[in-house]
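What follows is one structure encoded as structure tokens, with my remarks underneath.
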Amino acid sequence: MGNLLRLLSRDETPKYDVFVDFENAQPSESEKDTYLIVQQVLQHSRDVLQELQMYKGAGNEIRMAIANPRNATQQIRAWESVLPLVFKLRQFYEFSQQLGEAVPKVLWELCSGPMSPSQHLKCQQALVKQFAEILDFVLKFDDLKMMNPAIQNDFSYYRRTVSRLRLANHDSIDEELEVPNELANKMSLFYAHATPMLKMLSDATTQFVVDNKDLPIENTTETLGTMAKVCQRMVENPGFSSRFQNEETILFVLRVMVGVIILYDHVHPVGAFTKTSHIDVKGSIKVLKEQPPNVVEGLLNVLRYTTRHLNDESTPKHIKGLLA
């Protein structure tokens, strides 16, 4: 009875009052090895987003080629327009694979050992910052990809053209391709997803749990849940949010909070929305709705449409109502 009373009377809030210096955190000696490995990958993330933002597609050339199937000039023009774009798509896909290899390295450092999730966030801020940057990149990439149907169209046209050339007995085409057939199959599966980077991240996290059977899944899910609550507290606590030097950091923290909720929902067996969840979904949505609508509507939509368990029967009606 005494233990139960202590649990009921315990104030849970203080352990989430952790300020993570997302702007300036530098690796300690114990973090440095993993930090440098992950940083080698992350340093290319901004370039990937910039390339994706500038991606215009070859829609006009493809339409002309389809409308004029016997016009060799139009066929060549479309093919030559698509090839460099497919090479970019290959680079994006290969970056996703590099990021997928980096994720378990960060997770191991943040989820293993004797420290509690809150202690990890306090003592390993540079690695927490890196994991946050991965989440931020994932949401930005998928948002840009969803708004650009040219990606699917270009790659579909490329694959159809390659198949047609093979049927015409141009077997030597395989030696000239920027994307070999096996790689093209993997890329097709990747870009078929509405949110391909989130799929990569959730797969990498799930595989991390599978590969480390000695590490209870709760270590990973509680770390994700704690990170979501810490992000929530950093935004709603003026004493923390006022310490940011850049106004954009608030939006960064909100994106990370949403990213962690989605990842938790994909990895945890029953998701983020049940009453037993380690995540305060109601509080997180409240924090989002306190921001200007034009700033956070996209993040609310991400919660509505990319989570796995929102529409489950176990999700409380008031949570569904908040996101309706």
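Brief remarks on what is shown
- VAL270 sits among other residues whose Cβ lies under 15 Å from its own Cβ, and their net charge, with Lys and Arg +1 and Asp and Glu -1, is -3.
- With a Förster radius of 22 Å applied to the beta-carbon distance between ILE76 and ARG46, the computed FRET efficiency rounds to 0.05.
- In this structure, GLN97 and ARG243 have a Cβ-Cβ separation that, at R0 = 51 Å, corresponds to a calculated FRET efficiency of about 0.90.
- Gyration tensor (Cα) of region 92-152, equivalent ellipsoid semi-axes in angstrom: 30, 12, 7
- For region 209-324, averaging the sequence separation of C-alpha pairs within contact (under 8 Å, six or more residues apart) and dividing by the residue count gives a relative contact order of 26 percent.
- Loop-resident sites, region 268-324, for GluC sites (Glu not before Pro), counting at most 16 other Cβ within 10 Å (DSSP): GLU290, GLU313
- Length gained on full extension, SER156 to LYS275, computed as 0.36 nm times the residue gap minus the Cα-Cα distance: 38.5 nm.
- Label corresponding to mean projected area of the Cα convex hull in nm² when calculated from the structure given, among (1) 23.1; (2) 16.1; (3) 20.7: (3)
- Percent carbon-and-sulfur accessible area, region 86-170, ignoring ligands, DNA and RNA, probe 1.4 Å: 53
- Here region 102-239 is assigned +1 on the Cβ of each Lys and Arg and -1 on the Cβ of each Asp and Glu. Its dipole about the Cα centre then comes out at about 340 debye.
- Among the DSSP helices (H) of the chain, those spanning at least 15 angstrom by Cα along their long axis with an average Kyte-Doolittle hydropathy of -1.0 or more are 29-42, 72-111, 125-146, 150-167, 181-192, 196-211, 217-236, 248-267, 293-306; this is a geometric and hydropathy rule only.
- Summed residue charge, Cβ within 11 Å of GLU297's Cβ, Lys/Arg positive, Asp/Glu negative: +2
- Relative contact order computed over the chain (Cα-Cα under 8 Å; 6+ residues apart), in percent: 20
- The residues of the chain expose on average 52 square angstrom of accessible surface per residue, using a 1.4 Å probe on protein heavy atoms.
The values are calculated or read from the model by the stated rules, or taken from the named source; none is laboratory data. What you see is a predicted model; the values in this text were computed from it and never measured. Backbone-built Cβ (ideal geometry, glycine too); neighbour counts: all protein chains shown. These area figures cover heavy atoms from the full protein model, side chains too; ligands, DNA and RNA do not enter into them. Shrake-Rupley method; radii C 1.70, N 1.55, O 1.52, S 1.80 Å.
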